1. Give the relative contact order (percent, whole number) for the chain; include only Cα pairs under 8 Å separated by 6+ residues.
2. On each of the three principal axes of the Cα atoms of the range 176-246, give max minus min coordinate, whole Å, ordered largest first.
3. Report the local net charge at ASP222: Lys and Arg +1, Asp and Glu -1, summed over other residues whose C-beta lies under 15 Å from its C-beta.
4. Taking only DSSP H segments of four or more residues, each worth -39500 (n - 2.57), what value at 222 nm results for the chain once the sum is divided by all its residues, to the nearest 500 deg cm²/dmol?
5. What is the order of TRP128, TRP92, fewest Cβ neighbours within 10 Å to most?
6. How far apart, in nm, are the 7 Å Cα→Cβ label points at ASN207 and GLU231?
7. Tally Lys and Arg at +1 and Asp and Glu at -1 over the other residues with C-beta under 15 Å from the C-beta of LEU198: what net charge comes out?
8. For the range 104-246, just run the numbers: alpha carbon Rg, then divide by 2.2 N^0.38 Å, N being how many residues it has.
Amino acid sequence: MSTTVATQSAQLRRQAGAVVEKVVRQFGNRVVLDNLDLTVADEELVVLLGPSGCGKSTLLRLLAGLDRPDGGRVEVPAKRAIVFQADRLLPWQRVLRNVTLGLHGPDADQRALDVLCEVGLSGREKAWPKELSGGEAQRVSLARALVSEPELVLLDEPFAALDAITRLRMHDLVRALRSKHHAAMLLVTHDVDEAIALADRVVVMSNGRIGTSHLVELSAADREASLAREELRSALLEDLGLANQH
């Protein structure tokens, strides 16, 4: 099967943040992605749910350009960024230099300072990574992802290692940053409640394919507590084979 990986120019008006068509990825005899189709619309925040080993992180690696499919088509914007579960900060560089990593131009430092302010880390640009809390380190990772103004941001369980209160604060931050930067986002998580809190659409993976897709048309208040929220949560748990867990 032929493989085409197309990258559309950032100057062209995009109709979608990412397009995946009939993508296959296998490791040896194990097929991880099996003719998978997924589209992330321009400025849409899609949350990807699924059990461990279903191919979520493999899909993100393909979209990030860190891996190549064995078949199918992957179309992504030239400007994209990825945030991992681990912050992956360089311990020998201060916060500012971690954010400007790979950034060029005379205004690189100022752009980094501006985005650090956006994530609530104004004044921390000279700190070393070892001096940061887990939540602060992930804020630096978000700043590093957003400083280049990407059209697509990929988030691979970025809040999984954080405590519950810090995770809620990060959810608020992601919503605010998305509103400001207008990037399409694809977030991988195992947390159904996190998916409901953040998503425009939740897709559930199973056996290397997209199984179900749910639009989340809830107000901010209804995402916190409402009958519609509980109905969506129950549907997602059922899709995941966890219908008896509440």
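Only the coordinates and a few stated rules stand behind these numbers; no lab work does. Model, not experiment: these values are computed from the prediction. Quick reminder, even Gly has a Cβ in these numbers, built from the backbone with ideal geometry, and neighbours come from all protein chains shown.
1. 26 percent
2. Reported extents, whole Å, longest axis first: 38, 31, 16.
3. Combined, the nearby Lys, Arg, Asp and Glu give -2.
4. Theoretical 222 nm ellipticity from helices: -9500 deg cm²/dmol.
5. With the sparsest Cβ surroundings first, the list reads TRP92, TRP128.
6. Distance between the two pseudo-spin positions: 2.9 nm.
7. Here the charged neighbours net out to -4.
8. Compared with the compact-globule rule of thumb, the range 104-246 sits at 1.18.
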